[in-house]
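Read-outs throughout are calculated quantities, based only on the coordinates presented, and are distinct from any laboratory measurement. Every value quoted in this text rests on a predicted model; they were computed, and no experiment measured them. So basically every Cβ, Gly included, is an ideal-geometry build from the backbone, and we count neighbours across all protein chains shown.
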Number of protein chains: 2
Amino acid sequence: MTTDAPAAAPPSDGFHVFDTTLRDGAQREGISLTVADKLAIARLLDEFGVGYIEGGWPGANPRDTEFFQRAQREITFRHATLVAFGATRKAGTAAADDPQVKALVDSGAPVVTVVAKSHDRHVELALRTTLEENLAMVRDTVEYLRSRGRRVFVDCEHFFDGYAANPEYARSVVATAHAAGAEVVILCDTNGGMLPAQVQAVVRTVLTDTGARLGIHAQDDTGCAVANTLAAVDGGASHVQCTANGYGERVGNANLFPVVAALELKYGRRVLPEGCLPEMTRISHAVAAVVNLSPATHQPYVGVSAFAHKAGLHASAIKVDPDLYQHIDPERVGNTMRMLVSDMAGRASVELKGKELGYDLAGDRELVGRIVERTKERELQGYSYEAADASFELLLRDEVLGRVRRFFRLESWRTITDQRADGGLENEATVKLWAKGTRVVAGGEGNGPVHALDRALRNGLERTFPELARMQLVDYKVRILAGTQGTESTTRVLVTTSDGSAEWSTVGVADNVIAASWQALDDAYTFGLLRAGLEPTD
Amino acid sequence: MTTDAPAAAPPSDGFHVFDTTLRDGAQREGISLTVADKLAIARLLDEFGVGYIEGGWPGANPRDTEFFQRAQREITFRHATLVAFGATRKAGTAAADDPQVKALVDSGAPVVTVVAKSHDRHVELALRTTLEENLAMVRDTVEYLRSRGRRVFVDCEHFFDGYAANPEYARSVVATAHAAGAEVVILCDTNGGMLPAQVQAVVRTVLTDTGARLGIHAQDDTGCAVANTLAAVDGGASHVQCTANGYGERVGNANLFPVVAALELKYGRRVLPEGCLPEMTRISHAVAAVVNLSPATHQPYVGVSAFAHKAGLHASAIKVDPDLYQHIDPERVGNTMRMLVSDMAGRASVELKGKELGYDLAGDRELVGRIVERTKERELQGYSYEAADASFELLLRDEVLGRVRRFFRLESWRTITDQRADGGLENEATVKLWAKGTRVVAGGEGNGPVHALDRALRNGLERTFPELARMQLVDYKVRILAGTQGTESTTRVLVTTSDGSAEWSTVGVADNVIAASWQALDDAYTFGLLRAGLEPTD
């Protein structure tokens, strides 16, 4: 693509779903994206069907410049248009001579979002120029970018605070951008302090006063970013700026997923391409994986807890009609209803959970009672079966069979970690096991003691159980339970294992992180061998 | 307190802040509260100044029954009134004969919340009785509890869905409860599917139609629970049901803290006793500690990130005027502004951070540049200084001094963890160190390898540095960074250490959890000794 790409065809797009995960979302504390991360997220957002992907600020840092080059070379976007973000020209220079503005054109992106000051105090104190020059900067920058064939969106930074302080000036920034050829003018609640009623009223008034097409960019500092975004739509905005999982500076931005779900499912408005909405849960979790954060378990619509029921009261009613207790069918957003096993749950929950796992327990009151008791007892020790279905299934299986049957039994293990005087670090483990009547002694090395232990276990068992070669640990989480005694506390380890086609999670609890890991590994491989169709012999 | 406590004085309370953390909040996946936990949370909520604390369902489980006994015996409430939760009487029995209703009276709580069905399908399918009998159940239960001197609030479960399906019936439940003497009738969005505009309209209509005092109970399934609660207030509700940190079933409940903050700071409405609002951040984190969840870092108002700035763009403007970039002064809710050190931050952020830590770096451009470079390089390896101020201060100090000065230097260490054949588990560590020119070899045992290493380190150093005896690890977190290779990934360890008066956090990163822990411990004790006023000799 040349730097003078022709303008895209006039937009027939009635409503813009605009994602800024790669620009504003990356401001979240704890997120740091490589170019490869950004490319991976752009692919996911395009798959999800957003209309616009704001990729970053080309020219402001080499990573973003490289992203725009590679995104246009390497990604064939099916749904989304790539957007470059930048600022109005510097005070006192021509837009054409401003290297920052030039970099936006050079990025090759067909759409440019230009951030403009719209709060008079910010113009004077942060930008240090006059109110008139700021308007000229907006006008010149938009006109220049339009003359280079770009579609232009203008972000009015601090708009709502600015409107409260000086409505006339804030409005004149919108009107100037609109007159200069900006296709959409976005009202930004940059500090995030607004509430829905205010947002709706301001959007409605500005729309009437200026006739500009308006968008909304909400931050979540009052916990109302989703509602503020919807309130702006109620007020007449037809462009919503969001980030995947609500990532963003401070508290975060308006979360793309509940905004889109509300528009599609509550407003009945089609804002995504056909068939994309059920990808929502998968996309949300995949983006979290790329930015290296755990998916927020309690996120609306897509959280693993979003359709999870634990109250005994509910569990019995859910048996009658699940729709009595859920606001939408979770499959519409790619999520599923889950019954939780927990010490608050009664018999009904265990029966439902058993059914989910393929065990019909309804006929055996005593068995269900035993499982409930055993679960409570283990959860009291710190086990959490809510997040470890495979360990719960083993517990259930043991109770149903009335005895513990396993593929292998532990005699002992030992791990040694050695930070040598020459700086080298060594991890060794030895395990002593019995499998199919034979005693096995095996060793392993690894990056850490648990890794070494895992290697030793696999070294010892792979000849007997070649199925293990397909299994791989894909996640390993450590949680300190008591939290008041530092390294003396009880430790819970959750392990997720994959055989390439499915994943399962197991749990271990002990004072000691290695002992807890052993339990979770033991369950993980036992469950995996059962899944592979093998029958335990011991 | 007898079971026939006299009714409290007629409420002069114009607006109810009603907390249900102990009842509805406890339904959150992953929360399991002991009686001691519930008492601790009740104390915190009372300190925060909520008007009502719903403590649980006495009679439904022994834990809740015990809670009501002990709360009334052990806690002197300064602000809050204790509330028992229960259901309307069973169909076809007298309220006085229903043991569940009797248990509510026996709890001694001066206020009882009675949950009533208000959705016709729920009456028929879940309750399996007639619509008329359900109304009689509401009337009888309220009248009976009033006759026993209790103030009564009625929760209309599934009200908004019920109102959509059969507005007349839903309204008749409200009218019946009101006529029978319920002081407040709470409209519950039990499935959480509502949006603010709907909530406001329904509350306004029902208020006009029935004249009952109305409350709101919102769940967060659309991500709008806070906004829905405020919309209900806009519609005329004068009682808000919330939970601390938004804990609750599925996605959660309306979060107490942003609701109260919005009412106080945005509506200008006094809903807490004088002086309580600045306790908000502390109370939020303390409740999280009791329920044993990490405080949500990105929670509005109270999250550690809620007033954290990382964009270089903002950092330079914040130097001019902090109020340009925050929607409220964080001190009003007991939080603080933080400048983050991160690879997105530029020189301005490092200068501000240095100033926060007592180093004036503004004059030395080269030094600031070196610190920025060093920080970027370390963060690339996986270090996160955002959550480890003490490690960052050591880095800063080393750069300012131009050399690394320490109290002790490592030669080597070794840990052995041994799961013996007899079931016993042993953890041993050896460290070899140099301190004040002397070589020290020391050993230690512990619950786990890191604990043993910590013990060995302290055994080796406590004679030379008796200050170490006051220091204690209070938190220990492990994060797997790459997340795709299970136990082979890079590990980040964050350690929080306390000397009884202050806490500080340090970070270590390595392939190996023990090696990463060593680094964090090394930094922790080095920082602690500096804090104690000692000067390093090596």
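Structural remarks
- Whole-angstrom gap from the stretch B:208-232 to the stretch A:110-168, using each part's C-alpha centre: 38
- The modelled label-to-label distance between residue A:128 and residue B:532, using points 7 Å beyond Cα along the C-beta direction, is 4.7 nm.
- Ranking B:497, B:419, B:512 by how far each Cα lies toward the positive end of the dipole of chain B (charges on Cβ) leaves B:497 at the top.
- Between residue B:336 and residue A:320, the distance separating the two model label sites (each 7 Å from Cα on the Cα→Cβ line) works out to 5.4 nm.
- Average beta carbon contacts from partner chains per residue of A:418-428, 10 Å cutoff: 5
- Across peptide A:211-220, the average count of Cβ atoms from other chains found within 10 Å of a residue's Cβ is 1.
- Qualifying trypsin sites (Lys or Arg not before Pro) for the stretch A:82-173 [loop in DSSP, other Cβ within 10 Å: at most 14]: A:128
- Given charges at beta-carbon only (K, R positive; D, E negative), |dipole| of chain A in Debye: 660
- For the protein assembly as shown, size of Cβ-based charge dipole, Lys and Arg +1, Asp and Glu -1, in debye: 720
- Spatial offset of the stretch B:39-74 relative to the stretch B:266-301 amounts to 19 Å, using the alpha carbon center of each.
- A Förster radius of 45 Å, combined with the Cβ-Cβ distance separating residue A:469 from residue B:61, puts the computed FRET efficiency at roughly 0.40.
- Unsatisfied cross-links (Cα-Cα over 27 Å) in the set A:117/B:355; A:477/B:436; B:353/B:477; A:436/B:477: A:117/B:355; A:477/B:436; A:436/B:477
- Trypsin sites (Lys or Arg not before Pro) restricted to DSSP loop in the stretch A:199-295 with at most 16 other C-beta within 10 Å: A:269, A:270
- Here each label is just a point 7 Å from Cα along the line to Cβ, and for residue A:405 and residue A:434 those points are 1.7 nm apart.
- The stretch B:31-159, dipole about Cα centre (Lys/Arg Cβ +1, Asp/Glu Cβ -1), debye to the nearest 20: 260
- Beta bridges assigned by DSSP with both partners in chain B are antiparallel in approximately 50 percent of cases.
- Taken as Cα centroids, the stretch B:379-420 and the stretch A:374-400 sit 39 Å apart, rounded to the nearest whole angstrom.
- Share, in percent, of DSSP beta bridges within the protein assembly as shown that are antiparallel, nearest 5: 50
- Counting neighbouring beta carbons within 10 Å and listing from fewest to most, the residues A:353, B:376 come out as B:376, A:353.
- Chain A - percent relative contact order, Cα under 8 Å, separation 6 or more: 9
- FRET efficiency estimate (nearest 0.05) - Cβ-Cβ, residue A:357 to residue A:441, R0 35 angstrom: 0.50
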